[in-house]
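What follows is a set of notes on a single structure, which appears directly below.
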Amino acid sequence: MASNLSSSIPFLLSVILILVVGTNAGGIAIYWGQNGNEGTLAQTCATGKYAFVNIAFLPTFGNGHKPLINLAGHCDPTTSGCTRFSSEIKSCQSRGIKVMLSIGGGAGSYSLSSTDDARQVATYLWNNFLGGQSSSRPLGAAVLDGIDFDIEGGTTQHWDELARFLSQYSKQGKKVYLTAAPQCPFPDAYMGAALKTGLFDYVWVQFYNNPPCQYSSGNLVKYWNQWTTSIPATKFFLGLPASPKAAGSGFIPAADLTSKVLPAIKGSAKYGGVMLWSKYYDDQAGYSSSIKSSV
């Protein structure tokens, strides 16, 4: 008995070590859809690099605007040309990758004018991209995993209500995941109230194009800790540009990210990984390949 017990101790310790290390392991989320030269959605998922793919964007909706998806050079939604991605979405999901529709973006015509407007937008998203029914589903029959809020304009009101209306659809079967991409200054000017609802599963904070809180300022860890301790989301991701050309500022060289930044933030129980903008720039710089083993 004693000899068997002593021989099993190293094994048990190794299992514990694996479990501890595993709790700090994260994934990579990527934005896809804004450059026709970034490859197809299926190709993106087949790389094995990404755990989440945000299809960008639905930049027109709410306040009387007819919702319209814009996938840049990938397809023409006015001729139902984007429905061909239905099979590719399913291919991604078969690999265990969550595929989200990102609404908003840096440029678009979107806002919510009232509670009823938020309800109508939620109904539209459910029927046209999630588990509902519509004769005009822009991406075809595939059921996306959820909605990503990349709200960088419009009004600051009613986003919390949109989140609540969308989350209620989870009761109808498949869970509707909610994710968000706020700016790193805390609290986010547009999404502050919505993020406090506790309804968001994953929050990828944009630590770029915001000099006061990005890596070069020396304040990144301070703001990371503020986000992860103040907002009741499940997991947080460090949002970064995938190359120096992907944003005006905020790029972190892979060596610095893996040796200095990630070790300083992975101790958080809410650490989820890294978000990159975008697939096109990641293709050009190979950033995800350089950091994947450290994420």
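A cut-off of 5 Å between modelled amide H atoms, ignoring neighbours fewer than 5 places along the same chain, links Asn54 with Ile30, Tyr31, Trp32, Met100. Among beta bridges from DSSP that stay inside the chain, the antiparallel ones total about 5%.
Considering only Val99, Val221, Val53, the mean-square fluctuation computed in a Gaussian network model of the chain, springs between alpha carbons under 10 angstrom, is largest for Val221. Amide H neighbours of Val143 under 5 Å, at least 5 residues apart or on other chains, H built in the peptide plane: list them. Sorted by chain and number, the residues that satisfy this come to none at all. Within region 55-154, DSSP assigns beta bridges of which about 15% are antiparallel (rounded to the nearest 5).
How much length would be gained if the chain were fully extended between Ala72 and Asn37, taking 0.36 nm per residue of separation minus their Cα-Cα distance, in nm to one decimal? Don't skip to the answer; put the middle values down first.
Details: separation 35, 0.36 × 35 = 12.60 nm, distance 0.99 nm.
Gain on extension, Ala72 to Asn37, equals 11.6 nm.
Couplings 3J(HN,Hα) for region 249-265, derived from phi with the Karplus relation 6.51 cos²θ - 1.76 cosθ + 1.60 (θ = phi - 60°), are 7, x, 5, 10, x, 3, 4, 5, 4, 6, 9, 10, 7, 4, x, 7, 10 Hz, where x marks Gly and Pro.
The residues of the chain present an accessible area of 43 Å² per residue when probed at 1.4 Å with all protein chains retained. For Thr234, put the label point 7 Å out on the Cα→Cβ axis and report which residues of region 117-136 keep their amide N under 17 Å from it. Residues 131 qualify, since their backbone N sits under 17 Å from the label point.
Accessible area of His65 (1.4 Å probe, protein heavy atoms only, ligands and nucleic acids ignored): about 80 Å². Annotation: amide H of Tyr110 within the under-5 Å range of Phe61, sequence separation 5 or more or interchain, hydrogens built in the peptide plane. Here the extension length gained between Ser170 and His65 equals 35.2 nm, from 0.36 nm per residue of separation less the Cα-Cα distance.
Here the calculated FRET efficiency for Ala141 and Thr47, from their Cβ-Cβ distance with R0 = 22 Å, stands at 0.35, rounded to the nearest 0.05.
Largest GNM mean-square fluctuation among Gln214, Gln157, Gln284, using the chain with Cα springs under 10 Å: Gln284.
Once fully extended, how much extra length lies between Asn127 and Ser80, figured as 0.36 nm per residue of separation less the alpha-carbon to alpha-carbon distance? Mind showing how you got there, number by number?
Details: separation 47, 0.36 × 47 = 16.92 nm, distance 1.61 nm.
Separation in residues times 0.36 nm, less the Cα-Cα distance, equals 15.3 nm.
Only aspartates and glutamates eight or more places from Lys196 in sequence, or on another chain, were considered; those with a Cα closer than 12 Å are Asp160, Glu161, Asp188. Among the DSSP helices (H) of the chain, those spanning at least 30 angstrom by Cα along their long axis with an average Kyte-Doolittle hydropathy of 1.6 or more are 2-23; this is a geometric and hydropathy rule only.
The values are calculated or read from the model by the stated rules, or taken from the named source; none is laboratory data. Here the structure is a predicted model, which is why all the values come from computation and not from measurement. For neighbour counting, all protein chains shown are included, and Cβ atoms are generated from backbone atoms with ideal geometry for every residue, glycine included. Calculation scope for accessible area: heavy atoms of the full protein, side chains included, ligands and nucleic acids excluded. Shrake-Rupley method; radii C 1.70, N 1.55, O 1.52, S 1.80 Å.
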